Amino acid sequence: MTDPRDPLGLRADAPLLDGWLASTDAADRGALTPMCTPGHKQRHDLTGAVVAGDTPLYGGVDTIKHADTLLADAESRAARLWGADWCRFSVAGSTHGNQALALAVGSPGQEVIVTRCLHRSLLLGLVLAGLRPVWVLPERDADSGLPGAVAVRTVRSALADHPGACAVFLGDPSYVGTTGDLAGHADAAHQAGVPLIVDAAWAAYLGFHPDLPPHAIAAGADGMVTSAHKTLPAATQGALVFARTQLLDRARLDRAFEATHTTSPAGAITASIDAARALLAKDGKQLCARLLHLVATARRRLAEVPGVAVLDGPGVDPAKLVVLLAGAGADGYAVEADLIAAGMPVELGDRDMIIPIVTLADTEDTVARFCDTLAASVERRRGPARRPEPSPAWSVVPQMAIPPREAFFSPNETVPAGAAVGRISAELVAPYPPGIPVLAPGEVITGDALAALRTARAQGGRIAYAADPSLATFQVITRA
Ligand SMILES: Cc1ncc(COP(=O)(O)O)c(C=O)c1O
């Protein structure tokens with residue numbers, strides 16, 4: 001008989017899911033009198049339903065002394081499925097995964113080749129690890145202004161100029177789904193004797209269908225981070241961190257991972273990563289085939305709306321839907337507001353672009369309703385076609401004055417924006433989404449960066465992480 005709590009029968013191949021189901025079932029039956037955390041003791045009459053299903057990995061999914069055995073079993077099943085030597089489940093997102101890999105590759109003061117289109121989590125990873133970035137810039141599409149991949153020749157040349165670099169860190173696919181030659185990057189890195197690490201936060205499904213690009217590990221990368229919660233049916237915060245251990249050391253990877261991970265991982269998050277892995281192992285190809293069909297249908301439908309374009313073609317993840325609005329003259333912030341009002345929040349809306357996330361959990365119906373709602377909103381908001389004005393996040397040309405870690409710990413002061421131009425930023429400032437820093441600690445605040453941030457804010461974007469999100473003042477390094 002089908003268990004409604006495990007409708008696809010995944011628990012037989014998912015040790016953490018099995019433990020979570022058993023533990024929460026016992027709690028629901030009143031068969032537990034826990035004398036350990038969590039403090040809600042499985043009562044739902046205090047803080048209420050918000051704690052339902054919450055059981056810790058240690059002392060819930062299994063005993064405090066035994067749960068690590070289940071965890072290791074689940075992680076090694078994931079390592080096998082992705083063809084990696086090492087895998088860890090994080091309950092702190094790709095944020096933690098990026099930082100763990102930054103802590104695993106080198107020692108403070110060493111250089112590392114890094115895309116400047118990096119997520120802020122990796123930038124903070126460089127601060128934690130004390131690595132000094134050698135920035136490489138992605139190619140950009142001249143018409144849309146959107147980022148492509150970093151070219152292999154760019155990485156080769158950076159490696160040649162910086163023979164002491166300890167690793168190459170790239171983000172692939174990019175936030176807008178553009179993908180590059182990861183096998184070429186792996187060759188370039190390996191010829192220089194260093195590992196290639198890839199932040200694939202947005203594309204945990206890669207490699208599970210022949211029409212999808214291979215995932216980074218299959219393409220030859222040594223490390224890969226991906227958010228199970230972003231595109232797989234896993235709980236928020238769940239992420240997977242993978243490595244091969246030819247150029248990376250297993251014990252060091254474990255130390256780096258544990259350094260900033262909680263000692264109290266949520267059972268539901270870890271079990272949901274395990275369940276998502278079991279689902280991919282069972283039905284990955286068929287689910288990805290449907291995902292590809294849904295995205296292809298949505299692309300065709302939306303490209304029929306006059307003035308609207310979708311990213312498509314070689315070098316674009318076929319499971320990513322990126323809708324470009326400049327040709328229809330519609331304001332993406334207004335379209336996003338219409339979508340939210342219709343109960344369809346999207347991942348990114350800026351003036352010229354809407355990025356919904358379509359996943360294995362979508363259906364013909366959800367995607368058709370989304371396309372109809374988006375098309376109707378564009379009709380209501382239609383205006384004269386304009387040139388796209390891409391987010392400043394995609395076009396940063398940094399002027400690094402001092403390494404991020406040094407800047408992070410330097411004495412700083414707050415100055416009015418006008419006086420900040422030409423000074424060194426103490427803070428990280430990023431329009432969010434996509435969370436790519438326009439200003440990183442240690443970079444010179446240029447007039448261009450200030451103008452671009454002000455434009456993003458004036459258009460309705462959220463400026464994140466700045467001490468003063470109004471951009472009236474900036475925190476700068478105090479002059480010696
Ligand atoms: C490229 C990239 N890497 C890492 C992250 C962090 O992921 P998480 O939210 O799972 O911590 C994000 C989040 O949006 C991202 O865009």
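The values are calculated or read from the model by the stated rules, or taken from the named source; none is laboratory data. A quick note: this is a predicted structure, and the numbers were derived from the prediction, not measured. Note that each Cβ is placed from the backbone with ideal geometry, even for glycine, and that neighbours are counted across all protein chains shown. Note: areas computed on protein heavy atoms with side chains; ligands, DNA, RNA excluded. Shrake-Rupley method; radii C 1.70, N 1.55, O 1.52, S 1.80 Å.
Things to note:
- VAL112 long-range amide H proximity, modeled H, under 5 Å: ARG132, VAL134, CYS166
- Cross-linked pairs LYS65/LYS285; LYS230/LYS285; LYS230/LYS282; LYS65/LYS230: Cα-Cα separations exceed 29 Å for LYS65/LYS285; LYS65/LYS230.
- Burial order of peptide ranges 248-261, 91-104 (average beta-carbon count within 10 Å, highest first): 91-104, 248-261
- The magnitude of the dipole of segment 92-242, with charges of +1 and -1 set on the Cβ of Lys/Arg and Asp/Glu and taken from the Cα centre, is near 360 debye.
- Cβ charges +1 (Lys, Arg) and -1 (Asp, Glu), total dipole of the chain, debye: 460
- Accessible carbon and sulfur surface of segment 122-193 relative to its total accessible area, %, 1.4 Å: 49
- Under Karplus coefficients 6.51, -1.76 and 1.60, residue-wise ³J(HN,Hα) of segment 223-232 in Hz, glycine/proline x: x, 8, 10, 8, 8, 4, 6, 6, 10, 10
- Taking every DSSP bridge with both residues inside the chain, close to 70 percent are antiparallel.
- Highest-first packing order for the peptide set 52-59, 341-348, 468-475 is 52-59, 468-475, 341-348, based on the mean count of other beta carbon atoms within 10 Å.
- Considering only segment 1-150, percent of DSSP beta bridges that pair antiparallel, nearest 5: 25
- Charged-residue dipole, Cβ positions (Lys, Arg, Asp, Glu), segment 1-98 about Cα centre, Debye nearest 20: 160
- With all protein chains in place and a 1.4 Å probe, the accessible surface of segment 12-51 carries 58 percent carbon and sulfur.
- Probe 1.4 Å, protein heavy atoms only - accessible area per residue of the chain in square angstrom: 41
- Ranked by the mean number of other Cβ atoms within 10 Å of their residues, highest first, the peptides 41-49, 177-185 come out as 177-185, 41-49.
- Sulfur and carbon atoms: percent of accessible area, segment 354-480 [1.4 Å]: 54
- Over all Cα atoms in the chain, the spread is summed up by Rg and Dmax: 22.9, 73 Å.
- Computed from the C-beta positions of SER410 and SER107, the FRET efficiency with R₀ = 22 Å rounds to 0.60.
- Here the 3J(HN,Hα) profile of segment 244-250, calculated from phi with Karplus coefficients 6.51, -1.76 and 1.60 at θ = phi - 60°, is 9, 10, 6, 10, 10, 9, 4 Hz, Gly and Pro shown as x.
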